[in-house]
Amino acid sequence: MPTAQVLFESSVSRAIVSSPVNSAWVSVLRETYSPTFERVGVLYHVALRHFRSQKQRASLPGGQEFDAGSQREARQQALKVMEERKAAEKVDASQTEPAVFVDPHHTDESWPPCLVDPSVPPPPLHLLLGGRGRRPISGLAMMRAWLAAPLLHVTATAAGVQTLLHSNPVLAQLCGFKGYGISAGPGNLISYGVPSAATLSEFNQVMTRYGLWRQASVLAVAENLRSGVVEVERGLSFDTAHIEADSGSVGLRVEGPKDKPTIKRICRLTKTCSCGKARWSMCPHPWRRTDDGAAVVVKGPTKKYWAHKMSVAAFAESEVPIDARVMQHAADHDSTTVVPHLRELMKTFPGLLDALKYVLADTAYHSKTVEVAELGPELHTAVRASTSKKPAAIAARLSGIDHFTRTGVPVCEAAVKFTMVGRDIPGERYIWTVPDNDDGYSPCESCRRAPSCGQGGARRYIRVDRNAFKQINWDNPQHLQSNRELYQHRTGVERAIKRLKVDLGAEHVTQRNALRVQAIVDTKMMTLHLLLRAQARAG
């Protein structure tokens, strides 16, 4: 039964638009009318044409196939691949970023040049859409609806967005749609009728497969950096976060240490052929993971999640995230992300490295400080000192020193922690002293244990060999006051992650495959920066 044509009114309800309750989604929609996204709108129609021209749609990149007869054999192959990945050497920082992250910019030989090379302009719309047939619905209008849905507490799925558009005419009109069941009309290249669920599903597939969500997100961030809405800072903070997967896992019993059995969890496997589940064990088609990229993510002794993992980069002081990359395999160690992520940021935002002076990260990234320094002549990493065995022999040789903490800080017999004040570069030693007490005086003056120090109540200084404290970075010692003040900003990335995951609803995803999860993360990043731009415009 054909849908009745319904045209929207010529003006939008001012009461709804001006209401503070609706300020978030209204401001996001208004910011998307910027010329910044015009190229994305045209590229969508280029990609849509290519997408529809494919006789057989290829699987999303990054997936792995297992040629095995039974599901049991396929699971053993998947487990072997996972174990080989864990046992392999650490990812070389010289490798390309797709070794760690999913690649939203993957290309195919059949793709039009403008989808492969950003410097190639897309064809004019009248050449692209000027033939016969139904006019496609505006990609920018559907993009606006997709971004607004989570801000109205609606899950961004095709069915959810369609229901929202049909139940909220003001939203539909602000997105750019002109009515329900209407056609493009003579002379128009694009239709502005409210789309069906199938059209919205196709829209999201195209935006994801061709990396257009990623392009739109990068454009939003780059425009904020260029215009000064987000100030470029001297420091970047990195951390990883998990996103609970919309899939399940299976446990395989294997022999562990000392012949004790242990359970290894792998992704469930399936087949995408039309042979039928009853004939899977006999058909020649390969097995595939149901959710490529998902794995067990350990967040503590008792906290384990079946999830995807992303690396987030945020400015240290403002705590504004500027990029988030989803990993190909969520079980990879956090330290494998920082160098590839920095390389990707240099390509995405070319001027960023000129201003960048330091990188903040937790102890998981301790092994990457040298590789980070190689990316820029003045770039260093402020990482919390890792723990090591207490050097009891060194403490015994120093009068009045009771012990050293596991991070290398000396503690005297009066239980006072020393403060690092510098380095003896010729002697390759760290210099420590007793800090002032709350009254601004040295506690050594009134210390009852002063005779055991041999200083007669004078402020105590000690020098210790750098080679005895491998957990301390000689070039940028973590215990210096300046570096400790820098490191206090590291936790800002955790609040940036909270903005993306909690405030904008990326804690759980409703789609599978790491590439689709990357697209969801890109929509959250884009939404956040559109809100920041609207806030700056409002003053």
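Each value in this text was obtained by applying a stated rule to the coordinates, not by laboratory testing. The structure displayed is predicted, hence computed values, not measured ones. Note: ideal-geometry Cβ built from the backbone for every residue, glycine included; neighbour counts use all protein chains shown.
With +1 on the Cβ of every Lys and Arg and -1 on the Cβ of every Asp and Glu, and nothing else charged, how large is the dipole of the stretch 439-539 about its Cα centre, in debye rounded to the nearest 20?
That gives a dipole near 160 debye.
Please compute the net charge surrounding Ala496, taking Lys and Arg as +1 and Asp and Glu as -1 over other residues with Cβ under 13 Å from its Cβ.
-1
Can you tell me the Rg and the Dmax, both Å, for the Cα atoms in the stretch 392-472?
12.4, 35
Rounded, prolate or oblate: which fits the stretch 31-88, taking a ≥ b ≥ c as square roots of the Cα gyration tensor eigenvalues, rounded meaning a/c under 1.5, else prolate when a/b beats b/c?
Oblate, because a/c is 1.5 or more while a/b does not exceed b/c.
Report, in order of residue number, the helices in the chain meeting two criteria: a C-alpha extent of 27 Å or more along the helix axis, and a mean Kyte-Doolittle hydropathy of at least -1.0; treat each whole DSSP H run as one helix.
Passing helices, by number: 514-538.
I need the peptides 157-164, 235-242 ranked by packing, meaning the mean over residues of other C-beta atoms within 10 angstrom, with the highest value on top.
Highest mean packing first, the order is 235-242, 157-164.
What label, among [x] 1.22; [y] 1.01; [z] 1.06, belongs to Rg/Rh (Cα atoms, Kirkwood Rh) computed from the structure on display?
Derived directly from the coordinates: [z].
If you add up the charges near Gly235, with Lys and Arg at +1 and Asp and Glu at -1, over every other residue whose beta carbon is less than 10 angstrom from its beta carbon, what do you get?
That works out to +1.
Just name one of Ile472, Gly211, Pro301: the one whose Cα is farthest towards the positive end of the charge dipole of the chain (beta-carbon charges, Lys/Arg +1, Asp/Glu -1).
It is Pro301.
Quick one: Leu29, Leu127, fewest Cβ neighbours within 10 Å first, how do they rank?
Leu127, Leu29
Taking amide H positions as placed in the peptide plane 1.01 Å from N, state which residues far from Leu356 in sequence (5 or more) or on other chains have amide H under 5 Å from it.
Residues meeting the amide H criterion: none.
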